[in-house]
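Here is the structure we will look at.
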Amino acid sequence: MKSTNEVASNNYDNGGKLKLAIQKSGRLNDDSMKLLKECGIDISNGVNRLKADANNFPLEVFFLRDDDIPQYVEDGVADIGFVGENVVYEKNKEVIEVEKLGFGKCRLSIAVGRNEEYVDANYLQGKKIATSYPVITQAFLDKNGINADIHEISGSVEIAPGIGLAEAICDLVSSGSTLFMNGLKEVEVILKSEATLIKNKNLNAAQQQVLDKLIFRIQSVKKAKHNKYVLLNAPNDQLDKIIALLPGMKSPTVLPLATEGWSSVHTVIKESDFWDIIEQLKELGAQGILVVPIEKMII
Ligand code: ATP
Ligand code: ZN
């Protein structure tokens, strides 16, 4: 007779363990590791930086170049992956996008020389465009009925116009400072991208169950990041108005303060509404406003 624990671990051996591919080093590595940590998944035994087992979750992490992740997930070498949407669309592999991860935000844009007169995409007619994203760039050109010559290069795309290799580029942008330093201006955003969770099309039921658990944790972490816990002291004669400003998850918690005529109000507000609401709360006489980050949020 097997103990429950043995049965559970055997379930994982029978295919419930997930192999996750993340970027080995680069812009997505830190945030990918951080997200796993925030999901309570401990992979501190990653001394061998090719792969590492999680200690407390049925997960094995593979460290790879981001460009290779869609292919590995399509082939089932990895079951799931964290990778930029830009790479997912460019590689166009048979994988399923499951959940955006909230980091690695950037845009894929067309840029031309700062002094060029660019009115619309017709500017690109007959021009040379340097890019590491030929598939997405071609789709953009086709959609706009433009015939241009795509010149694929693997890195330092932003220097192409300066050295006479191309008249325009299509490259990833976040702040735009790299473009600026190279005398370029951004003229079209053709894709907005962030890191996303992709999965293989043929996960078995046990693997899907583990993935559902992981997604639930990721969603709780994401929700928590978008919200803040707010504590404040409110004069009782303004309580109704203050509560009306604070929707909370159900409704705010209100506790009497030791000082007569005052209450302590606790609630959760959306980060995006934060400054607006805080201003109004102050006008209504709220004092001692504390805004606290939330680690996980399960609703
Ligand atoms: P690898 O060695 O894994 O191939 P890489 O050099 O292709 O790495 P990075 O520059 O580390 O890739 O970028 C990885 C991903 O980070 C990009 O594909 C994109 O999704 C995201 N990213 C976010 N902001 C930017 C940015 N400003 N420039 C480039 N990529 C960005
Ligand atoms: Zn890459």
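For the reader, a short list of remarks on this structure follows.
- Screening residue 49 on (1) away from ligand 1 (no atom under 16 Å from the Cβ); (2) touching a strand residue (DSSP E or B) at 6+ places or on another chain (Cβ under 6 Å); (3) farther than 22 Å from residue 222 by Cα shows it passes everything except condition (1).
- If the condition is being small (Gly, Ala, Ser) and over 22 Å from residue 66 (Cα atoms), then region 188-229 contributes 205, 206, 220, 224.
- Within region 103-115, being part of a loop (DSSP other than H, G, I, E, B) and buried (at least 17 other Cβ atoms within 10 Å of the Cβ) holds for 103, 104.
- Extreme residue, nearest to ligand 2 (Cβ to nearest atom), among residues of region 28-71 that are within 26 Å of residue 132 (Cα to Cα) and part of a loop (DSSP other than H, G, I, E, B): 65
- Filtered by the rule that a residue be charged (D, E, K, R) and touching a residue at least 40 places away in the same chain (Cβ under 8 Å), region 127-145 gives 127, 128.
- Lone unmet requirement of (1) assigned by TED's automatic domain parsing to the domain that holds residue 159; (2) within 13 Å of ligand 1 (Cβ to nearest atom) for residue 32: (1)
Here is a yes/no grid of residues against (1) in contact with a Gly (Cβ under 8 Å, 6 or more places away or on another chain); (2) assigned by TED's automatic domain parsing to the domain that holds residue 168; (3) without any contact (Cβ under 8 Å) to a residue 40 or more places away in the chain:
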| residue | (1), (2), (3) |
| --- | --- |
| 37 | no, no, yes |
| 69 | yes, no, no |
| 85 | no, no, no |
| 93 | no, no, yes |
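- For the residues 273, 237, the requirement of being farther than 30 Å from residue 99 by Cα and not β-branched (Val, Ile, Thr) singles out 237.
- Within region 265-294, the set of residues being closer than 30 Å to residue 219 by Cβ, surrounded by 12 or more Cβ atoms within 10 Å (Cβ to Cβ), at pLDDT 90 or above and of a type outside the set (A, V, I, L, M, F, W, C) comprises 266, 267, 280.
- Residues of region 175-183 include at least one that is within 24 Å of the chain's Cα centre (by Cα), surrounded by 14 or more Cβ atoms within 10 Å (Cβ to Cβ) and touching a residue at least 60 places away in the same chain (Cβ under 8 Å).
- When 123, 118 are checked against the criterion of being more than 30 Å from residue 42 (Cα to Cα), assigned to a helix (DSSP H, G or I) and either aromatic (Phe, Trp, Tyr) or outside the structural domain of residue 199 (by TED's automatic domain parsing) (or both), a single residue qualifies: 123.
Here is a yes/no grid of residues against (1) assigned by TED's automatic domain parsing to the domain that holds residue 40; (2) closer than 27 Å to residue 102 by Cβ; (3) touching a Lys or Arg at 6+ places or on another chain (Cβ under 7 Å):
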{"residue": "220", "(1), (2), (3)": "yes, yes, yes"}
{"residue": "232", "(1), (2), (3)": "no, no, no"}
{"residue": "252", "(1), (2), (3)": "no, yes, no"}
{"residue": "258", "(1), (2), (3)": "no, no, no"}
{"residue": "261", "(1), (2), (3)": "no, no, no"}
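- Residue match in region 280-289 (condition: in a strand (DSSP E or B), under 12 Å from residue 236 (Cβ atoms) and under 35 Å from the mean Cα position of the chain (by Cα)): no
- Some residue of region 68-76 being farther than 15 Å from residue 26 by Cβ and charged (D, E, K, R): yes
- Taking region 135-157 as the range and being within 16 Å of ligand 1 (Cβ to nearest atom), outside any loop (DSSP other than H, G, I, E, B) and over 16 Å from residue 111 (Cβ atoms) as the test, the residues that pass are 135, 152.
The values are calculated or read from the model by the stated rules, or taken from the named source; none is laboratory data. Just so it is clear, the structure is predicted and the values come from calculations on it, not from any experiment. Reconstructed Cβ throughout: ideal geometry from the backbone, glycine too, with neighbour counts over all protein chains shown.
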